[in-house]
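Before any comments, here is the structure.
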Amino acid sequence: MAGKNERQRRQAREKYRRQQELRTARQRQVRKRWLTGFSAVVAAGLIAALLVVFLPGGGTKKPSASPSKSPSASASASASATTSAATVAEPAHHCTYTTASPLAKKVSLPPTTPDYSAGYQATINTNLGPITVNLLNDKATCTVNSFVHLAQAGFFNNTQCHRLLTSGIYVLQCGDAYATSAAKLDCSNTSNIGTGTPGYEYASENLTNAKYPAGTVAMANGGTATSNGSQFFIVYKDSSSGLGTSYTPFATVSSGLDIVQNVAKDGYSCTYPQAGGGVPKKKVIIDSVTIKKT
């Protein structure tokens, strides 16, 4: 009897051991499947994060360094536009303007249906004399439409041309309403000056084989081909090799270029730490910009 009981106890122990092994094996399988699924989720999350960071349009569009709207190849807003604007047949019959910041001065959006058949002449009335430009409405219709709108709304009134470049790129930059006529420009890296927008932005135009000889007026941008706003620059010496083809040429100077050239001769008083160039020694104040249809 004792022998039989011992065999039964051994069999029971063996059965229990096999059950434990099966239970442990099943638990391992469950843990393995869970870890595999978790790894897949983590991997997918990392891939999604990388796509957000590295694909065009990921990350912040506008740099914080002043001035962000830049025609300088060395500036934080580079001459190599990172977002391509869709090619639009000119003259454009429809324009798209989208919200942008920071808002330097409140103004309404331009009309989305431009007067594409009109001819325009603008006179930039400054404290140093008038600079007259012919607007290229048949080649940069939406840019001209915006410039005319801003001029007629008084956006440029009592603002300073805040930036002068004198090496490699030869331009005087204007059009930021943060740079009021009363503002003291000191090249401070924490200043808003150089970053201002009219509260909207739009795509570049007229970039195919773009050149920037003396007398060209072109739009500054925030480093992408869709970040044009109110800031523009006047080229006083050929800058085609330095500017590439990233800035919309929208006008040519017909008179008053000597004013800008004389400002350039005096140089600048301080240097913008990241964007290059600096504040013109000779203060240039835009009193108003008047528009004439031709």
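The values are calculated or read from the model by the stated rules, or taken from the named source; none is laboratory data. Owing to the predicted nature of the structure, the values given are computational and were not obtained by experimental measurement. Cβ sites come from the backbone with ideal geometry, for glycine too, and all protein chains shown count toward neighbours.
A few remarks follow.
- Residues (assigned to a loop (DSSP other than H, G, I, E, B), over 17 Å from the mean Cα position of the chain (by Cα) and under 18 Å from C161 (Cα atoms)) located in the stretch 206-252: A214, G215, Y236, K237
Residues are listed down the side, and each one gets a yes or a no for (1) part of a strand (DSSP E or B); (2) modelled with pLDDT under 95; (3) under 22 Å from the mean Cα position of the chain (by Cα); (4) not small (G, A, S):
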| residue | (1), (2), (3), (4) |
| --- | --- |
| A118 | no, no, no, no |
| A122 | yes, no, no, no |
| N125 | yes, no, no, yes |
| P130 | yes, no, no, yes |
| C142 | no, no, yes, yes |
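- Residue within the stretch 271-278 that is surrounded by 24 or more Cβ atoms within 10 Å (Cβ to Cβ), hydroxyl-bearing (S, T, Y) and either more than 18 Å from T141 (Cβ to Cβ) or in contact with a Gly (Cβ under 7 Å, 6 or more places away or on another chain) (or both) present: yes
- Residues in the stretch 125-165 that are free of Cβ contacts under 8 Å to residues at least 60 places away in the same chain and not polar (S, T, N, Q): D138, H149, A153.
- Residue selected from the stretch 97-108 under the condition in contact with a Ser or Thr (Cβ under 9 Å, 6 or more places away or on another chain) and outside any strand (DSSP E or B), by the criterion surrounded by the most Cβ atoms within 10 Å (Cβ to Cβ): A104
- The residues of the stretch 150-200 that are in a strand (DSSP E or B), aliphatic (A, V, I, L, M) and farther than 23 Å from T290 by Cβ, listed by number, are L164, L165, I169.
- The set of residues in the stretch 244-272 that are of a type in the set (A, V, I, L, M, F, W, C) and modelled with pLDDT under 95 contains only C270.
- Within the option set A214, A264, A218, being among the aliphatic types (A, V, I, L, M) and under 16 Å from L150 (Cβ atoms) holds for one residue only, A218.
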